[in-house]
Structures are given as structure tokens and as C-alpha cells.
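Just so it is clear, none of the values below were taken in a lab; they were calculated from the coordinates. The structure presented is a predicted model; accordingly, all values stated were derived computationally and were not measured. For neighbour counting, all protein chains shown are included, and Cβ atoms are generated from backbone atoms with ideal geometry for every residue, glycine included.
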Amino acid sequence: GQQVMQIPQYQHVQEGEDFTTYCNSSTTLSNIQWYKQRPGGHPVFLIQLVKSGEVKKQKRLTFQFGEAKKNSSLHITATQTTDVGTYFCAGRAGTYKYIFGTGTRLKVLA
Amino acid sequence: EAGVTQFPSHSVIEKGQTVTLRCDPISGHDNLYWYRRVMGKEIKFLLHFVKESKQDESGMPNNRFLAERTGGTYSTLKVQPAELEDSGVYFCASSQGLVYEQYFGPGTRLTVT
């Protein structure tokens, strides 16, 4: 079945450093969504990517969708303590369901 | 506009008991998803409704789990009888369509002892 892996599982960075999480799917995706879950909270939608090679930016966050639509990345420039949380990708492979990645837990040290 | 609501927020039950979780999606959202997150692991898909129809229930662990969405509004997820491995946080999410963002509820933390 479809699998979505994310690396790294954990990342500790000093405030101001950059952070990247990578998402890899075993199958070609129709679209991919990114979510952030703060400790004790629920996932909150960040962005959706649909087109091959698509790049979207939101302030310090840059999202990319691979040319083959099997991988994606989220890059945060100059992390802040408010960036703390777990980042999930969620891919859909032409079906009704979204398969969530394993998540990357980000800790930002002040 | 009210967000997705879930009830209860916490539930502690003994093995063998029954629990029913409820999700009220955002008004007008035909798509409703149930997910489960166990002990900080991945968010695992359980099933997907479009209105009152189950489109995909391939993630339901076994026949101890029963989800319904009568009338295409709120949804319930019943676990009967509950087992220890059913513990986790159950999230409900709703969306306007398949390629729209999903709005998650606050989750129900289920503990089976």
C-alpha cells in the first residue's frame, strides 16, 4: 500500500538556524498537503501543492513538490521559537484518502 | 464560523467497554475524515465520508470500529469492545472537497485501561 516517510524524525535547532523536513512517497501523488501540530494541539493546514515542481512560499516557509510528484520538502528560514511543533505532510495518490507522513518534530532552542 | 468540534475531549474506559466519539464538522463540509494518532506516531487514516456515504474505510482496524454519518451532518465513531491498543487521540477533520484543506477538530483522547 501507499506509504509516506518523513525525515528527520526529530530536529533540534538553535533559534535563527534553518530547518528542512523531507517527505517521500512510495507512489506518485495527486496532491500533497502540509500541516503543523503544536504540542497538545491539533493539525493545522499550512499549504497544498498540486503541480509537478511547484514551489510556494509563506513568509519564512518554502514548500516544494518534486518533479516526479513523489517527494516534497518544507524549509524554514531563520527559525523562531514559535515554529516549535510537529510538521506533517499528507499525500493523496488518486484515491479518497490522505496518507500522513510520520512527522518531523521540531524543537527550537532560544 | 464555528470550527470542527469533537466530543468528548477525553475518555477513559476499561477494556471491553464501549465508547462513542462524536464529530461535528464545519457546516457545509461534505467531506469528513477520521484519523487516529497513537503515542506521538503518525496520523493514521481511518475512514472518509462524503455526505453520508463511506468513500473509503480501508483504515478501520477491524470490525470493532463502526463509523456512521446519518444525514450527512455529524459523525460518530463507536469502538465496541475497546482493547488496550485502541488508546490514542482520535481526530476528525472536514473539508469542502477532496483537494481542499482539511480542518481538524481538537481530538478525543481515548485511554483504554
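Structural remarks
- Of all the listed residues (A:GLN48, A:GLN37, A:GLN11, A:GLN6), the sole one being touching a strand residue (DSSP E or B) at 6+ places or on another chain (Cβ under 9 Å), more than 23 Å from B:SER94 (Cβ to Cβ), within 10 Å of another protein chain (Cβ to nearest Cβ) and touching a residue at least 12 places away in the same chain (Cβ under 8 Å) is A:GLN6.
- Filter result (within 9 Å of chain A (Cβ to nearest Cβ) and either within 12 Å of B:VAL89 (Cβ to Cβ) or of a type in the set (A, V, I, L, M, F, W, C) (or both)) within region B:28-41: B:TYR35, B:ARG37, B:GLY40, B:LYS41
- Of the strands (runs of 3 or more DSSP E) lying entirely inside region B:9-113, those containing at least 2 residues that are under 11 Å from the mean Cα position of the chain (by Cα) and surrounded by fewer than 20 Cβ atoms within 10 Å (Cβ to Cβ) span B:19-24, B:65-68, B:75-79.
- Flag for A:LYS69 being over 11 Å from the mean Cα position of the chain (by Cα) and assigned to a strand (DSSP E or B): no
- If the condition is being in contact with a Leu (Cβ under 7 Å, 6 or more places away or on another chain) and at the interface with chain A (Cβ under 8 Å from one of its Cβ atoms), then region B:86-104 contributes no residue at all.
- Given (1) more than 10 Å from chain B (Cβ to nearest Cβ); (2) over 26 Å from B:GLY107 (Cα atoms); (3) out of contact with any helix residue (DSSP H, G or I) (no Cβ under 6 Å at 6 or more places or on another chain), number of the condition A:ALA110 does not satisfy: (3)
- Here B:THR18, B:THR70 are screened, and the one residue that is more than 11 Å from every other protein chain (Cβ to nearest Cβ), β-branched (Val, Ile, Thr), more than 22 Å from A:GLY91 (Cα to Cα) and free of Cβ contacts under 8 Å to residues at least 40 places away in the same chain is B:THR70.
- Scanning region A:69-101 for residues that are among the β-branched types (Val, Ile, Thr) and either buried (at least 19 other Cβ atoms within 10 Å of the Cβ) or more than 25 Å from A:VAL50 (Cβ to Cβ) (or both) gives A:ILE76, A:THR79, A:THR81, A:THR82, A:VAL84, A:THR86, A:ILE99.
- Tally of residues being out of contact with any Gly (no Cβ under 7 Å at 6 or more places or on another chain) and among the small types (Gly, Ala, Ser) across region A:1-33: 3
- Strands (runs of 3 or more DSSP E) completely within region A:1-55 that count 2 or more residues being closer than 21 Å to B:GLU101 by Cβ: A:4-7, A:19-25, A:31-37, A:44-49
- B:TYR74 being touching a Pro at 6+ places or on another chain (Cβ under 8 Å) and over 17 Å from B:THR113 (Cα atoms): yes
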